[in-house]
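The values are calculated or read from the model by the stated rules, or taken from the named source; none is laboratory data. Source: prediction; values computed, not measured. Every residue, glycine among them, receives a Cβ derived from its backbone with ideal geometry; neighbour counts consider all protein chains shown.
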């Protein structure tokens with residue numbers, strides 16, 4: 001005859017058995033390995049969060065440089081001197097650069113041959129750690145246009161703005 005265990009005692013027996021078997025199933029090495037995996041995952045998540053924050057900050061800086069370059073594009077296009085002398089006019093570019101809000105660094109306005117026009121048509125706007133580049137029409141004839149009634153130059157679409165250094 002087999003011993004009979006009352007049904008009421010079965011849950012208690014299973015709990016007691018689990019308390020005996022469970023500690024034996026997890027060795028110290030398994031516990032240490034699990035703890036190390038959790039620590040590694042937490043460290044990796046922290047690094048990823050830092051990387052994402054850095055990338056977001058860089059994108060914001062790049063966006064600000066681009067916005068400032070677009071403001072320069074608009075300022076050049078609505079400049080009376082540009083309407084008279086052309087979009088590559090060094091005087092017009094300098095006037096437009098001086099009108100920008102904040103304190104961006106505007107570089108690349110050069111007139112090596114003394115004709116009053118920017119030599120390569122590339123003007124760079126640096127703000128914080130980022131840059132944007134304006135590319136002006138190649139020939140002086142292409143950039144000299146009659147001003148509209150509102151004083152803007154029709155060639156605004158000819159000025160290209162791109163993110164990054166020139």
Helices (runs of 4 or more DSSP H) enclosed by the range 52-166 - at least 1 residues per element that are touching a strand residue (DSSP E or B) at 6+ places or on another chain (Cβ under 9 Å) and modelled with pLDDT of 70 or more
80-85, 90-98
Flag if residue 8 is modelled with pLDDT under 70 and exposed (fewer than 15 other Cβ atoms within 10 Å of the Cβ):
yes
Going by what's in this entry, would residue 132 be described as closer than 18 Å to residue 161 by Cα, touching a helix residue (DSSP H, G or I) at 6+ places or on another chain (Cβ under 9 Å) and buried (at least 16 other Cβ atoms within 10 Å of the Cβ)?
yes
From (1) over 21 Å from residue 133 (Cα atoms); (2) within 39 Å of the chain's Cα centre (by Cα); (3) modelled with pLDDT of 65 or more, pick out the condition that doesn't hold for residue 42.
(3)
